[in-house]
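*Asks:* Before I ask anything, let me first share the structure, which is written out below as structure tokens.
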Amino acid sequence: MLPAVAVLVLAACSAGAGSPAPARQVSGQPPPCSANPPPEAPPLHPTTVTTIGQAYYCIFAHYYAGPVLDDRVLLAAAFAGFTQELDRLGMDQPDATMPALTGNRDSDWAAFAAVYQKVTGHLPASPAQRQELAAATMTAMVASLDNNHAQWSYPAPPPGDVPGDLGIMTSPAPPLADIAPQEALPPLFITAVLPGSPAASSGLRPGDIIVSVDGAPPFADGIISAGVMNLLTGPYPPPGRVTVQLQRPATGRTWTVTLTAALYQASPPPVSAKLLDGDIAYVQLPGFFPGAADQVLQAIAGLAPSAKLRGLILDLRGNGGGSPAEVSMLLGAFTHGTAYAYDCDVHGSCPATYTDSSVPLLHLRLVVLTDRNCFSACEAFSGAVKDLRLGTLVGTRTGGLVSAPAAPYLLDDASLIILPTKHELSADHELINGIGVAPDYYVPLTAYDLSTGHDPDIAKALTLLGG
């Protein structure tokens, strides 16, 4: 579900990220990208060569590796995306040949733009096809950064809405199925269903196994199907309808349902809490959204009058990340003024980020539940818990999508380019982006577990806490 959710998560990550001062515009360059997008997106416009140029210079000005980036890498990828889309549309042109590049950013951009304009100027293309060409060019250029927190979003997502989404999370998760398809093992099953979504309205539940999507199986020769994952995660052209065959392990029931993607309010689920074994607090945190740390601490305080708490199970499975400030605050309940992460620039300067000393210490033994759908800020928290020995991790390795806090920049077509301004290391100065945080106890959750309500992760946590 990341194509829809990732943009929301990244926007949340940017809440604590500082933005570098915009670069001064040089004559002949397109207008600079805006570092302060308005709360509501302006009217949408076609993506043009000027927009592509804006993104090109925006990367140099704001991406953490921009100062040392070779422009030829960006432009070669952009031109490859452009020509591949020309070929897909059956519009390839004899003049669509990459110009010679020298490594000078300004002259290379001028050469690229001249060829792009010459080729597109001769095309018998519709406005929709021209947009497809520009989008393919832009997407390929941003993808050449090979950074999982760098994205281009056209159009920018409406605040609070998930465009064209079915409302499910799956195992394997969409980003991992894309980045590491060899890791994914059958079956493909649902790990969470978002309230108010089309999937929730159709009665889908965690643990339901996806047998096929529009008649296609999720795995072919043991490899996860990118086509099936795209059908499940969108974005969907109208009417955005898919037919899914499901099997429920708890009952053995097999059935087929047709789901139609829809806009729905995607406010984060609230923190939930309860007592286990009478004196162990269990708190489920779905995301590090603004106010999340306060909600967790209030939930724990709400349980304390009922029992003398002797441990805390913090469930971060499926936590998509969010604000670094919330990570700092929640870690502050376990240690004060401790460096838990380092945000590095391209020259190796890595100032530390510290836990919040203003938060009262809980003095509780801690077990954190993790899985491969724990991303970004969730991984920063999990990595800190492990490195600083604040608690024990149970479950499976986190997702490995924790590049650094990212910030959005507005382009002239009303799209957003989202760029990490730093490169993050964990408390022991280790890289977890692309790798994830390994649990202390590997306890995978199966489709049958989810479907029947059995939770081996919680059972292991209770054992560790003496429950």
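Bear in mind that the values in this text are calculations on the coordinates, not laboratory data. Since we're looking at a predicted model, the values are computed, not measured. Note: ideal-geometry Cβ built from the backbone for every residue, glycine included; neighbour counts use all protein chains shown.
*Asks:* Please work out whether region 82-150 counts as rounded, prolate or oblate from its C-alpha gyration tensor, where a ≥ b ≥ c are the square roots of the eigenvalues and a/c under 1.5 means rounded, while otherwise a/b larger than b/c means prolate and anything else oblate? Could you put the intermediate results ahead of the total?
*Replies:* Details: a/c = 2.14, a/b = 1.19, b/c = 1.80.
The shape class here is oblate.
*Asks:* Would you mind ranking Asp87, Asp315 by Cβ crowding within 10 Å, fewest neighbours first?
*Replies:* Details: Asp87 11, Asp315 24.
In order of increasing Cβ crowding within 10 Å: Asp87, Asp315.
*Asks:* Using a/c under 1.5 as the rounded threshold, could you call the chain rounded, prolate or oblate? The axes a ≥ b ≥ c are square roots of the C-alpha gyration tensor eigenvalues, and prolate needs a/b larger than b/c, oblate otherwise. Kindly include the intermediate steps, with their values, before the conclusion.
*Replies:* Working: a/c = 2.26, a/b = 1.43, b/c = 1.58.
Because a/c hits 1.5 or more and a/b fails to exceed b/c, the chain counts as oblate.
*Asks:* So how far apart, in nm, are the two label points at His45 and Lys274 if each is 7 Å from Cα heading toward Cβ?
*Replies:* 5.4 nm
*Asks:* OK, next. Add -39500 (n - 2.57) for each DSSP H run of 4 or more in the chain, then divide by its residues: what number comes out at 222 nm, to the nearest 500 deg cm²/dmol? Present the calculation step by step, with values, prior to reporting the outcome.
*Replies:* On the way: 13 runs with 142 residues, N = 467.
Helices in the chain give a 222 nm mean residue ellipticity of -9000 deg cm²/dmol.
*Asks:* Also: Quick one: plug the Kirkwood hydrodynamic radius of region 168-260 (C-alpha pairs) into Stokes-Einstein at 25 °C, 0.890 mPa s, and report D in µm²/s.
*Replies:* Details: Rh = 13.3 Å.
Once the numbers are plugged in, D ends up at 184 µm²/s.
*Asks:* In the chain, what is the count of Lys pairs whose alpha carbons are under 25 Å apart, counting only pairs at least 8 residues apart or on separate chains? Mind dumping the intermediate values first?
*Replies:* Values: Lys274/Lys308; Lys274/Lys386; Lys274/Lys460; Lys308/Lys460; Lys386/Lys422; Lys386/Lys460.
Counting lysine pairs in the chain gives 6.
*Asks:* What nm value, rounded to one decimal, do you get for the distance between Gln131 and Ala110 when each label is placed 7 Å out toward the C-beta?
*Replies:* Once both label points are built, they end up 3.3 nm from each other.
*Asks:* Using a cut-off of under 15 Å, list every residue of region 315-340 whose amide N is near the label point 7 Å from the Cα of Asp440 along the Cα-to-beta-carbon line.
*Replies:* Residues passing the 15 Å test: 315, 334-335.
*Asks:* Is there a quick way to get the dipole size of region 168-260? I mean about its Cα centre, with the Cβ of Lys and Arg at +1 and of Asp and Glu at -1; what is the value in debye to the nearest 20? Display every interim value, and only then the final one.
*Replies:* Numbers: 4 positive and 5 negative charges, 74 e Å.
For this selection, approximately 360 debye.
*Asks:* May I ask you to compute the full-extension gain from Thr97 to Asn36, defined as 0.36 nm times their residue separation minus their alpha-carbon distance, rounded to one decimal in nm?
*Replies:* Numbers: separation 61, 0.36 × 61 = 21.96 nm, distance 3.63 nm.
Extra length from Thr97 to Asn36 when fully extended: 18.3 nm.
*Asks:* Still on this structure, please answer the following. Once you have the Cα-Cα distance between Leu89 and Thr256, take 0.36 nm times their residue separation minus that, and quote the gain in nm to one decimal. Each step should come with its number before you reach the end.
*Replies:* On the way: separation 167, 0.36 × 167 = 60.12 nm, distance 3.43 nm.
Contour length minus the Cα-Cα distance gives 56.7 nm.
*Asks:* Of all beta bridges DSSP finds with both residues in the chain, what is the antiparallel percent, to the nearest 5? Numbers along the way, then the final one.
*Replies:* Values: 43 of 59 bridges.
Just about 75 percent of them are antiparallel.
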